[in-house]
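Input: a single structure, listed below in structure tokens.
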Amino acid sequence: MATLFDLPDLVLLEIFSYLPVRDRIRISRVCHRWKKLVDDRWLWRHVDLTLYTMRPKVMWHLLRRYMASRLHSLRMGGYLFSGSQAPQLSPALMRALGQKCPNLKRLCLHVADLSMVPITSLPSTLRTLELHSCEISMIWLQKEQDPTVLPLLECIVLDRVPAFRDEHLQGLTRFRALRSLVLGGTYRVTETGLDASLQELSYLQRLEVLGCTLSADSTLLAISRHLRDVRKIRLTVGGLSAQGLVFLEGMPALESLCFQGPLITPEMPTPAQIVSSCLTMPKLRVLEVQGLGWEGQEAEKVLCKGLPHCMVIVRACPKESMDWWM
């Protein structure tokens, strides 16, 4: 009978990749072959440390021994609500990531206190930065900061970052490579602030506005005025009306459109009105509707029949998490 030890190296590496970091290190003590496999560069391209609250000594050991130039994406956090004695993310650690991990392109921070970590200490190689339930300082993303910071940044996700406000949104305009922006639960951002910022972020290709206090109509108006080249839009339907949907008509580059519930108002456009507007978008290929209770109903049939050239996706409820591993 074949055992685990009889499997080829490539199969074992695939299995090991699903193990938490702590277990990967433990299995390296099983035998010399497994130790060699655990040390394989491929296994340390993507590292998730959100399961642990690590002492700084352990984190530095992982950085020097395993990650270094192999690392492409890193998820870490869990420090904000762990008690006063919990280790905090430090500027020194962020700078070390930049120095020792030249291939790091994606950094995802969860429940972390970044109020004492200047944005200038983040690795300059980042293309994607995700902040989930993090604390930032008032000056963290403001426009007056060094314009050479994060020159390659293409995507930023701000999910439940309570301090994020109009001034921070305006500060994003200095990231000239930025193409994708996700705002989730950023309740301090106003309609005026969004409109003013999108005017300078006209090069965005993806915009998602989820769980904010902004109405869908005002968001679509700002998009239609300033983001003529946007390719993907996702937003919650609070405050969405048929008139708001008209703002999107004729968008020349829009390829994917998603409306996310569960807020439904009497002004919500009908499926027929959605079809009518979508038919004016020449490149639209994906229409997604989440959490509106339309699945298996007549509304779904109207969408599918009216948009035969599109992939129509009707789901019962939106995703619970905004953590994308793209």
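Mind putting a number on the dipole of the range 97-180 about its Cα centre? Charges go on the C-beta only, +1 for Lys and Arg and -1 for Asp and Glu, and I need it in Debye to the nearest 20. Please report the intermediate quantities before stating the final value.
Values: 10 positive and 9 negative charges, 78 e Å.
Using only the charged Cβ atoms, the result is roughly 380 debye.
May I ask you to list the chymotrypsin sites (Phe, Trp or Tyr not before Pro) in the range 21-58 that are in a DSSP loop and have at most 16 other Cβ atoms within 10 Å of their Cβ? Walk me through the intermediate numbers first.
Numbers: sites: 34, 42, 44, 52; in loops: 52.
Hits after loop and neighbour filter: 52.
Taking the Cβ of residue 107 as the center, what net charge do the other residues with Cβ under 9 Å away carry, scoring Lys and Arg +1 and Asp and Glu -1? Walk me through the numbers on the way to the answer.
Numbers: positive: 75, 105, 106; negative: 130.
Here the charged neighbours net out to +2.
Taking the square root of 5 times each eigenvalue of the Cα gyration tensor, what semi-axes in Å does the equivalent ellipsoid of the range 29-79 have, largest first? Write out the running numbers ahead of the final one.
On the way: eigenvalues 84, 34, 20 Å².
The three semi-axes for the range 29-79 are 21, 13, 10 Å.
Could you quote the convex hull projected area for the chain, Cα atoms only and averaged over all directions, in nm²?
Numbers: hull surface 79.1 nm².
Directional mean of the projected Cα hull area for the chain stands at 19.8 nm².
Could you please state how large a percent of the accessible area of the chain is carbon and sulfur, counting protein chains only and using a 1.4 Å probe? Working shown, then result.
Working: 8510 of 15290 Å².
Here carbon and sulfur together make up 56 percent of the probe-accessible area.
Among rounded, prolate and oblate, which fits the range 125-174 when a ≥ b ≥ c are the square roots of the eigenvalues of its C-alpha gyration tensor, a/c under 1.5 means rounded, and a/b larger than b/c means prolate? Could the numbers behind the result be given before it?
Details: a/c = 1.99, a/b = 1.17, b/c = 1.70.
Verdict is oblate for the range 125-174.
State the volume of the convex hull built on the alpha-carbon positions of the range 84-224, expressed per residue in Å³ and rounded to an integer. Please report the intermediate quantities before stating the final value.
On the way: hull volume 14.1 nm³, N = 141.
Here the figure is 100 Å³ per residue.
Have a look at 238, 101, 216 and report the one farthest towards the positive end of the charge dipole of the chain, computed about the Cα centre with Cβ charges (Lys/Arg +1, Asp/Glu -1).
101
Tally Lys and Arg at +1 and Asp and Glu at -1 over the other residues with C-beta under 14 Å from the C-beta of residue 239: what net charge comes out? Display every interim value, and only then the final one.
Numbers: positive: none; negative: 191, 217, 267.
Summing Lys/Arg as +1 and Asp/Glu as -1 gives -3.
By a straight-distance test (C-alpha under 16 Å), which aspartates and glutamates pair with residue 36 as possible cross-link partners, with residues fewer than eight away in the same chain excluded?
The reachable aspartates and glutamates, counting only those whose Cα sits under 16 Å from residue 36, are 6, 9, 14, 23.
List the residues, sorted by chain then number, that are 5 or more residues from residue 285 or on another chain and whose placed amide H is less than 5 Å from its amide H.
Long-range HN contacts for residue 285: 256.
How high is the FRET efficiency between residue 213 and residue 100 when r is their beta carbon distance and R₀ equals 56 Å, given to the nearest 0.05?
Values: r = 41 Å, r/R0 = 0.73.
The pair residue 213/residue 100 has a calculated efficiency of 0.85.
Karplus couplings for the range 114-125 from phi (6.51 cos²θ - 1.76 cosθ + 1.60, θ = phi - 60°), rounded to Hz, Gly and Pro as x?
9, 5, 9, 10, x, 5, 5, 8, 6, x, 6, 7
Using 0.36 nm per residue, how much length does the chain from residue 22 to residue 279 gain when fully extended, once their Cα-Cα distance is taken away? Can you show the working numbers first?
On the way: separation 257, 0.36 × 257 = 92.52 nm, distance 5.17 nm.
Taking residue 22 through residue 279 to full extension adds about 87.3 nm, to one decimal.
Suppose all protein chains stay in the model; what accessible area per residue would a 1.4 Å probe give for the chain, in Å²? Walk me through the intermediate numbers first.
On the way: 15290 Å² over 326 residues.
Result: 47 Å² of accessible area for each residue.
Please compute the net charge surrounding residue 155, taking Lys and Arg as +1 and Asp and Glu as -1 over other residues with Cβ under 9 Å from its Cβ. Spell out each step's value before the answer.
On the way: positive: 106, 127, 179, 206; negative: 130, 154.
Taking every other residue near residue 155 into account, the sum is +2.
The values are calculated or read from the model by the stated rules, or taken from the named source; none is laboratory data. None of the values given here were measured: they were computed from a predicted structure. When we count neighbours, we look across all protein chains shown, and the Cβ atoms used for this are built from the backbone with ideal geometry, even at glycine. Protein only, heavy atoms only, side chains kept; ligands, DNA and RNA dropped before computing areas. Shrake-Rupley method; radii C 1.70, N 1.55, O 1.52, S 1.80 Å.
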